[in-house]
Amino acid sequence: MSDTFSLQEALDNLESALLALEKTLHTGAPAGELVHQIFRLAHSLKGAVGLENLGGCIPVLHAFESAFDHIRKGQGTLVPGLLDQGFKTVDFMNGVLSSGNPSEAQAQEFLAQFSALGVPQAPKVLDLGMDISREERTHWDRALAQGMKVWKIEKTLSAGLTAAQLPKLPIWATLGELGVVIAQHPQAHQLESLTGERLLRILFASTLTRQQLEEEIFDPFMEAHLPPQGPVSRDQKPVKILVVEDEFSTQVLLKKLLADFGPVEVAGDGLTGWEKFLEAQKAGQGFDFIILDMMMPKKNGAEFLADLRAWEESQGILGLDRCKIVINSAVGEMDVVKKAFVDQADGYLVKPLTQEKIRKALVRFQLWGQV
Amino acid sequence: MAKKRILILDDMAMNRSFIKVFFVSHGFETVTAEDGLVGLETFQKETFDLVFSDIEMPNLTGLEFLKAAKKVPGKGHIPIVMLSSLADEATKTRAQTLGAAAYIVKPFTEEKIQEALKPLGLL
């Protein structure tokens, strides 16, 4: 991390984040990470202004930071007035940077604007912000039946935290002493695919009271409730996936995009892919889904596809029981894709690849639940 | 005479720099960490006379660090001063209960640091 910090740069970044947040109000895109980012920027600014002898604006930044802290903890909601106040805070701070500390009267007048807004209480049903599986839901129900309460803990993770370090965080030992962990997001293998502010969410059950837990847990936590209709839970088994692709960068990208859906194996050429397919079948753990490149050494995609379908036919595996195979293609390769359909591929993914394209394909093949 | 060593934990570079400059000017050898997890590993492996730790950090909060550091065999006596923008009494009390030697509310100044360290006899 650089040892230089520019107040103006931080303020510009804050304004950019507010503009991005404003956009989400119109598009309906998820805004959770932006709220965290804005909170962190305000927090950093508050710390920095004191060192620049601009402590007169700390109360204003504290009010702004607190408003967004409430929202990120699920204790308040974003109202359009608060966003406007955020932009006014940026203008206020730009004035401070050019003219120096505000007078106490100026700061108090600005603070009064925050007070007038208020921050509405969060609805009783808490947005978990994470999917939970049927198994995790069973653990949750069992915990409740045993008289425990379920809590949601949120911990900020640094950008540099690795998958190997995640299990070593002391929070796990602490929670192990106090109760039982029901679910976490992200898992270690999902860490690298997270973008923006990285937030670890943990669902945790305990018989201890909030007061007792507060003596040992130092991250924000709140009681978690399942909505009456059921959460965005899924009766979902992991999808076993084979990627047959010779380009290394595409292999890396696909591994990241597919990590949320299940275990992924990669073969760098058609022959290795074919061997992996047969091994998995012999072990009784055949692949559910294959992403296939067409142009590969040793055995190209068309040969792989033809051999696989012939094998399935010889085993009496027909129709919907067949392995789902999609071709990974660029826009200019549609003739290749059309031929692949004739040779019995189930679909195609057009580059650039995204997790959403993959999810839609899996849903279409009924390998992934509806969300 | 060997220099006293201080470990400085804060995820903000500017804060680390400010505290480092202060302690270098007072003849300390300084070690910094921007991450409480790395800071804890460093604390376990190396010798320190003093620790300054921010409370609000990713991965491992300052209070988590404090609780874990006090359990490191043979190092429970090392004074750990907490730094925070949180002025609420509840957080201060928690820090004291966990064994913090002092609690400085940001924005910190040289005067606040000196006032916190006076009873510790380290300056």
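Please tell me if B:M57 is surrounded by 19 or more Cβ atoms within 10 Å (Cβ to Cβ), assigned to a loop (DSSP other than H, G, I, E, B), within 12 Å of another protein chain (Cβ to nearest Cβ) and touching a residue at least 24 places away in the same chain (Cβ under 8 Å).
When the stated conditions are applied, B:M57 passes them.
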Item to check | Given (1) within 12 Å of chain B (Cβ to nearest Cβ); (2) at pLDDT below 90; (3) over 19 Å from the mean Cα position of the chain (by Cα), index of the condition A:P220 fails | outcome: (3)
Checklist entry - Can you find even one residue in the range A:291-307 that is modelled with pLDDT of 80 or more, part of a strand (DSSP E or B) and of a type outside the set (K, R)? => result yes
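Suppose the filter is away from chain A (no Cβ under 12 Å) and surrounded by fewer than 16 Cβ atoms within 10 Å (Cβ to Cβ); does B:L50 pass it? Lay out the reasoning, then the answer.
Details: away from chain A (no Cβ under 12 Å): yes; surrounded by fewer than 16 Cβ atoms within 10 Å (Cβ to Cβ): no.
In short, no.
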Item to check | Number of positions in the range B:87-123 that are of a type in the set (A, V, I, L, M, F, W, C), surrounded by 15 or more Cβ atoms within 10 Å (Cβ to Cβ) and closer than 17 Å to B:E56 by Cα | outcome: 7
Item to check | Matching residues in the range A:149-172 - criterion: being at the interface with chain B (Cβ under 9 Å from one of its Cβ atoms), free of Cβ contacts under 8 Å to residues at least 24 places away in the same chain and farther than 14 Å from A:D219 by Cβ | outcome: A:G160, A:Q165, A:K168
Checklist entry - Among the residues of the range B:1-47, which ones are under 20 Å from B:L63 (Cα atoms), part of a strand (DSSP E or B) and within 14 Å of chain A (Cβ to nearest Cβ)? => result B:I8, B:L9, B:T32, B:A33
Checklist entry - Is it the case that some residue within the range A:66-76 is at pLDDT 75 or above, closer than 28 Å to B:E111 by Cβ, under 25 Å from the mean Cα position of the chain (by Cα) and surrounded by fewer than 19 Cβ atoms within 10 Å (Cβ to Cβ)? => result yes
Checklist outcome for this item: Condition set more than 19 Å from A:L305 (Cα to Cα) and not in a helix (DSSP H, G or I), scope the range A:240-263, selection modelled with the highest pLDDT: answer is A:P263
Item to check | Matching residues, the range A:130-179, being part of a strand (DSSP E or B) and crowded, with 17+ Cβ neighbours inside 10 Å | outcome: A:K149, A:V150, A:W151, A:K152, A:I153, A:E154, A:K155, A:T156, A:L157
Next on the checklist: Of the residues B:K92, B:K71, only one is in contact with a strand residue (DSSP E or B) (Cβ under 6 Å, 6 or more places away or on another chain) and free of Cβ contacts under 8 Å to residues at least 12 places away in the same chain; which?
Outcome noted: B:K92
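The values are calculated or read from the model by the stated rules, or taken from the named source; none is laboratory data. This structure is a prediction, so every number in the text was calculated from the model and none was measured. Methodologically, a virtual Cβ is constructed for each residue, glycine included, from the backbone with ideal geometry; neighbour enumeration extends over all protein chains shown.
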